[in-house]
Amino acid sequence: MLATVASAVVQGVDGHPISVEVHVSSGLPGYTLVGLPDVSCRESRDRVRAAVLSSGYRWPSRRVTINLAPTGLRKQGAALDLPIALGIMAASGQLPEAALRRYGAVGELGLDGSIRSVPALVSLADALDAEELLIPADGAVEAAVVRPGAVRPVCDLASLLRALAGDDELPAPLTPPAGGQLAGGPGGELADVRGQPTARWALEVAAAGGHHLLMIGPPGAGKTMLASRLVGLLPPLDRERALATTRVHSAAGLPIPEGGLVRHPPFRAPHHGASVVALVGGGTAAMRPGEISCADNGVLFLDELGEFPVPVLDALRQPLEEGVVRVSRAARAVTLPARFQLVAAMNPCPCGEGGGDGLCRCSEPARARYARRLSGPLLDRFDLRIDVRPPAPEVLLSGSQEETTAVVAARVAGARARAAARGVRANAELRPDRLDQVAPLSSAATDHLRAELRRGTLTGRGLHRIRTVALTIADLQGVEGPLPVEVVQAALGLRSRPRSVLGAAA
Amino acid sequence: MTGSISTADRDADIRARLSILRLPQMSPSRSRWLFADLTGPDAAVAAVERLRANRLPPEAAPAGMDWKVVAAWRAKLFELDLDVELARHAELGIGLLSPLDHRWPFAEDPEPPVLLFHTGDLTLLRRPDAVAVVGTRRCTTVGRTVAYELGRGLAGAGVTVISGLALGVDGAAHRGAMDRAGPVIGVVASGLDVVYPGGNRDLWHQVATQGLLVGEAPAGDRPQRWRFPARNRLIAGLSRGVVVVESHARGGALSTVDEAIERDRPVMAVPGSVLSAASDGTNGLLVEGAIPVRGADDVIGTLSFPSDGPDEPGATPGPTAIDPGPAAPLPPAAGPAGPDSARSGPASAGSGGGFDAGSSNVPDDPGEALEQLILAEVDTGPVHVDRLVIASGLAPAALLAQVQALATTGRLIVDGATVSRPC
């Protein structure tokens, strides 16, 4: 007898519908799984058999052939356990074949018949070609976000089979929780950062304009603390972006917050030991998204930038330019989203004390090697480069109050609204050719920039970035019309180029 | 002198000299031995002939000379193909300058090189005003900043900056000079096609294209250890004076100083903290009588160069990092009693508003008051901008703008977020 169950697999962040065809026929007892299953998928045979027996059903002592169609697509992981089990039950006559017709299923089986969640439920639910979906209860909320009213959360095989046979009720379809209030912002509170007004302001500009930020400073200067404050300043994700980010997080197997949607910009901070694959994705047959995709619509924080291997840093350049990362392997290629804001921190030199003060213990070649890690093209991407120093102790002890995250976030939202009126999410996305139109320079500002160019402290490439940052500063200050010279000078002040670290030209 | 020498003689001279440099285990003292007692335009040809005939004067041999080396030299003379050697230099764009050339800069030098290999703008050798800026490779941030600003300042005054293309002080001085598009000469210890140190590759090529690169080693020669002190005598010989920015108690920069003293070149040193090991050598020089210098002005004053350079028609001996702005430059931020006439400088070049108060000397204008506050804060040493923000009570945007404006007019030096007064 033949039974077919709709299911899905994921590659990258995209789900692909597949159908699980089960054929049970006379012949020597045996079990064949075809259709490009990988090892974890092939192992399903033992899990499914145990789960069926534990649930009180028979395992057919006949020839069982399972085909995963389309056969050209590689199937990976345990998500097909549940549809295989359902197909075998129907094909062996223990479940009316008609009972499965309106359902698609994904889920991993335990040996006791319990149904466990699998990664990428958002993408899988999206791709499932069926009226209603049987989804492991653990992750059903994620699936319900993309298929509201069609997701039935299921917990164990025995009760599911009973319900499908008509002896029991299926669990009611899940409705996604209403939007509701966002629970407290992510990251830390900006008011905790005291005595570092320039760094605080740089964070504000970075949040308002979506500018990539590089912080250079000795250990203990608060670089990591500052970076974690950035996501709190960013506006919450709108529904479309929240969905896109949730899809990536789900595919990467990251925990999805209650409510099933990632609504705050994500903050990802991979360790500098991360490999290229961990960062850009594509490690397994499922082409799992990497850290930069998980930071999509959020912040990617690279602490100790100088310690990252050069190939890893160079791998960031294309995604930074295009907002997506294309991962190609011999058999397949996927495009993963990667529109992230890059925040990086590094010490001025390997010993960390090279900022000034003459405490550095590094030899000149060691410092040169360290600085060379940052290729010019990568350094160019950082619109904002600041020197961070530990705050003076008297400021920390003074008990003065700094602005809170909420106050600064409101200003950021205002600036982002002005950017939206130009048709971009943030000023950093403005193309050079549009700058003349949306951000003309006052004559004094033009003179100043010309002088900087002549002095050799600014390159042509840097000029465009300076204008973009200046526009963001003007947005934050509510300045209209041509950019005044003060705003351009302030932007130059945020593009620091400490000679001791970065050499002379920038 | 040149008029009486034919092209053929000149060619023979260069070939003889190049063959001497190509002999195995050659060094300056050994090459002097080859030339012993020989003078005149045909000295090199005669020296090679004498070696070929094995008639070197034994009494002039350097101490510890191994006569097996002479045998190796003579063997090498027979197998050397000078046409190939010359073609190789031509291919690499490396020129060969011999003492017979009227541009030869070492006519009065006690230890001239056998040949000078060069690439770049050879006319720079003829400029009368050239200053060597040298120092330790392991310099402090302060030393690097001083060297950079010194390079900029000298370039701004049209003075040629000579240095050794090493890491640290040498490179910073050259970078400063080239950021100002000034004339530079790099004197290297290896063949001109052997970049060393690798970290300064970009600088090496920039000096070769924007200025002049010279050395006494033929193409392909590695920078052996003994070549660096030898190179230092060329730096001293090409310059009118030597400035040491930072040096440890022992270091290559001090050998440049010895060579400069031997050649009657004034030695200048930048004073440093007595607590800094990187200034032990320079402070020691000052104790021994070197001329203390704080910046390019002092150097120019010491060597009494003409004060304005050819590419800076408006520049006067003012601060070292002045931008060619529409107005006259300002004196260094010495205090509130600066001359009135200069006050309009930063306002017209820097800011359209805020501190446009023109010629008023009274700090009742808020921009002026802020300027004075910033200059007072940096008076005791470099500070981080955060401190200026807190001290002024201004928003970071406004303060950074003011700092940039002051940096543009040369009244402040900004290195990253560290602000200091010009040296």
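Only the coordinates and a few stated rules stand behind these numbers; no lab work does. In this text, all values refer to a predicted model and were calculated from it rather than measured experimentally. Cβ: placed from backbone, ideal geometry, glycine included. Neighbour counts: every protein chain shown.
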Rounded, prolate or oblate: which one fits the protein assembly as shown, using the alpha carbon gyration tensor with axes a ≥ b ≥ c (rounded when a/c is under 1.5, else prolate when a/b beats b/c, else oblate)? oblate
Which aspartates and glutamates have a Cα less than 18 Å from the Cα of A:LYS75, not counting those fewer than 8 places away in the same chain? A:ASP14, A:GLU21, A:ASP38, A:GLU43, A:ASP46, A:GLU108, A:ASP126, A:ASP129
For the protein assembly as shown, what is the percent of antiparallel DSSP beta bridges, rounded to the nearest 5? 45 percent
Counting DSSP beta bridges in chain A, what percent are antiparallel, to the nearest 5? 45 percent
Using only atoms on other chains, find how many Cβ atoms lie within 10 Å of each Cβ of peptide B:409-421 and report the average. 5
How far, in degrees from 0 to 90, does helix A:460-477 lean away from the longest principal axis of the Cα atoms of chain A, to the nearest 10? 90 degrees
Which aspartates and glutamates, on any chain, are close to B:LYS76 with Cα under 15 Å apart, when same-chain ones fewer than 8 places away are left out? B:GLU49, B:GLU85
Stretched out fully, how many nm does the piece from B:ASP83 to B:HIS102 gain, at 0.36 nm a residue minus the Cα gap? 4.4 nm
Lys and Arg at +1, Asp and Glu at -1: add these up for the other residues within a Cβ distance under 15 Å of B:HIS205 and post the number. -1
Rounding to the nearest 20 debye, state how big the charge dipole of the stretch B:238-280 is about its Cα centre with +1 on each Lys and Arg Cβ and -1 on each Asp and Glu Cβ. 100 debye
For a Förster distance of 41 Å, can you work out the FRET efficiency between the beta-carbons of B:THR39 and B:ARG294, rounded to the nearest 0.05? 0.40
Unit charges on C-beta of K, R, D, E only; dipole of the stretch A:131-255, Debye: 760 debye
Using C-alpha positions alone, give me the convex hull volume of the stretch B:4-138 per residue in cubic angstrom. 166 Å³
Per DSSP, the loop-located trypsin sites (Lys or Arg not before Pro) within the stretch B:16-88 having at most 10 other beta carbons within 10 Å are B:ARG55
Ranked from fewest to most other Cβ atoms within 10 Å of their own Cβ, B:ILE185, A:ILE256, A:ILE18 fall in the order A:ILE256, A:ILE18, B:ILE185
Cα centre as origin, Lys/Arg/Asp/Glu Cβ charges: the stretch A:1-139 dipole, Debye: 560 debye
Positive end of the dipole of chain A, charges at C-beta (+1 Lys, Arg; -1 Asp, Glu), about the Cα centre: which of A:VAL280, A:ALA105, A:HIS16 has its Cα farthest in that direction? A:VAL280
So the angle from the long Cα axis of helix A:239-251 to the longest Cα principal axis of chain A, reported in degrees to the nearest 10, equals 60 degrees
Grab the Cα-Cα distance for A:GLU43 and A:ARG372, subtract it from 0.36 nm times how many residues apart they are, and report the gain in nm with one decimal. 113.7 nm
Given a Förster distance of 35 Å, the FRET efficiency implied by the Cβ-Cβ spacing of B:SER304 and B:ARG250, rounded to the nearest 0.05, works out to 0.65
Taking Cα atoms only, helix A:223-233 is inclined relative to the longest principal axis of chain A by an angle, in degrees rounded to 10, of 70 degrees
Cα-projected label distance for A:THR175 with A:SER275, points at 7 Å along beta-carbon direction, nm: 4.7 nm
Expected output is a single nm value to one decimal: the length gained when fully extending between A:ARG450 and A:LEU463, i.e. 0.36 nm times separation in residues minus the C-alpha distance. What is it? 3.7 nm
